[in-house]
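Below is one structure; the comments refer to it alone.
The values are calculated or read from the model by the stated rules, or taken from the named source; none is laboratory data. The shown structure was predicted, so the numbers you read here are calculated from the model rather than taken from an experiment. Please note: Cβ atoms are built from the backbone with ideal geometry, for glycine as well, and neighbour counts cover all protein chains shown.
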Amino acid sequence: MNIFGLSIRSVLRKRAKTILLMLIIFITSVFIFAGWACKSASVQTQNESKQAIGASFRLEENEANRHVRMDKLVKQIGEGVGGSAGGYHTEQNESGEWFTWTDNDFDTLLMEDILRIAEVDGIKEYNITTANTVVNPVNFERIEDKDVDQNSDQKGVSLRGNLRMELDFDVQKGNIEVKEGRMITPEDTDVCIISREIADLNGLQVGDFLEFNNWKERETSTVYKAEVVGIYDSISGITPIMYGDSYRSENIIFTDLSFPEKPEGNEGNPLYQYATFVVENVDEYETVRKRIQAVDIGWERYDFLDNTGMSDTMTENFGELEKMSSLILILVCISGIIIICLVFLFWLKGRVHEIGIYLSLGRTKCGIIMQMLLEGILVGCVAFLIAAAASPVVSKGVVEYLVDYQTKLQAEAEQLNAGMVSNGVIEDDREAEIVGVTVEISGDVICLSGISVLGIIMAAITLSCISVMVQKPKEILSRMS
């Protein structure tokens, strides 16, 4: 009987050991699949308030790159040294505690990059939106919950500047509607649109002027006026970016693009949070996307969102995912080799007589090892096929677990870095919700997984056979008695 026939008979005869080996190879194969699938997985992120506007794209700051730039500035300033560089500041107070924060220079989208993208052929129009900026209302009252302790609140209102208010995402999503007056245009200066609630509380109407100044220096800072050109009604409300009445929907006041920086005390130093680009022809959407991505700007600084709110830098935002995948592969390979090796040692322990008979019949050790390898490969093929069927579900579960784990680590890191704030307030609007994890078991993944499993089986069986095959034939035959 040839070696193939002997291998099949041996596998079928030793059913219990075959099933045990098959189960171990199945588990190993599933996690090998998961490891390779993780490397090509894409993580889709989306902010609740960042649904896109029709056929459009959005540019915003990349959080991972923000930390990279911050680390470089920390090294530039020096560890344990107070100072400022590139919009990053660190300072030690009298009690010895260190405080760090960033200003508009560090966090803003760069106007020159926005304008380069806006010039791309196929872009119809664009909008720039500032971060919500808390300021002090001077000549009017804000909406406030009297039953809530306001000591931790800035006791102000939020200004949000737009180049074209009709392209603001809350307007586009239908969260608000301007029922009186008009929206803000690029030609406007020192104008604002207020909520119906503020208008009713203060008896305001279109044409009135509101006054604002810095909430940290209420008595001494310069007061700026803005004309009310419109009043909006809340349809489904604006999602606050933080807790506190300063950020509540009714206290958000829309202004022209350059106004928020003035009462904040940063005139000429804006904080642009989003840039939206509307595609002229929907049929050329993908073509325009490619043109935009070909623009020569520092893309590592940004996230580029399409009209579903999904980021093109999806996996990059979870840069540790690939490292975790590699770690999984290494651990599974090592543990797989060890466990399969132990199982085969257990298998070979009961096959000393069989090996002795083979030797007495004139078979070489190399031929016997080849039979053992073939037996392992036969069992492995069956286990691998079953694992391939189960791998999509398991792989997705593993990736989702890793993404959830990394998200928690990032959240903990953000809490530790709570002192690093923009404009004196922490902006949670940048936190992204994981809305989808795509795991594809492609031909490459199957091929790489197959090679990995085959390598594990061959390495494990070869190692297990060494303990027997290093013995001389006479020693093996003597153990038969």
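When Leu201 is tested against the conditions (1) hydrophobic (A, V, I, L, M, F, W, C); (2) closer than 21 Å to Glu144 by Cβ; (3) in contact with a strand residue (DSSP E or B) (Cβ under 6 Å, 6 or more places away or on another chain); (4) surrounded by fewer than 21 Cβ atoms within 10 Å (Cβ to Cβ), the lone failure is (3).
A single entry from Gln172, Gln154 fulfils the requirement of being surrounded by 14 or more Cβ atoms within 10 Å (Cβ to Cβ), closer than 15 Å to Ser246 by Cα and not aliphatic (A, V, I, L, M): Gln154. Scanning the stretch 253-269 for residues that are modelled with pLDDT of 95 or more and either surrounded by fewer than 19 Cβ atoms within 10 Å (Cβ to Cβ) or not in a helix (DSSP H, G or I) (or both) yields a total of 8.
Restricting the first member to the stretch 186-197 and to residues that are farther than 12 Å from Ile176 by Cβ, and the second to residues that are small (Gly, Ala, Ser) and modelled with pLDDT of 95 or more, the beta-carbon pairs closer than 6 Å and six or more apart or on different chains are Asp190/Ala226; Val191/Ala226; Cys192/Ala226. For the stretch 283-292, the count of residues that are crowded, with 20+ Cβ neighbours inside 10 Å, part of a loop (DSSP other than H, G, I, E, B) and in the same structural domain as Arg116 (by TED's automatic domain parsing) is zero. Residue count for the stretch 305-343 under the criterion of being modelled with pLDDT under 75, part of a helix (DSSP H, G or I) and among the hydrophobic types (A, V, I, L, M, F, W, C): the result is 3.
The sole residue among Val379, Val398, Val393 that is at pLDDT 70 or above and touching a Cys at 6+ places or on another chain (Cβ under 8 Å) is Val398. Could you tell me whether Gly82 is under 26 Å from Phe209 (Cβ atoms) and among the small types (Gly, Ala, Ser)? Judged against the criteria, Gly82 is not a match. If you go through the stretch 210-235 and keep only what is buried (at least 16 other Cβ atoms within 10 Å of the Cβ), more than 14 Å from Asp256 (Cα to Cα) and either among the hydroxyl-bearing types (Ser, Thr, Tyr) or without any contact (Cβ under 8 Å) to a residue 24 or more places away in the chain (or both), you end up with Ser221, Tyr232, Ser234.
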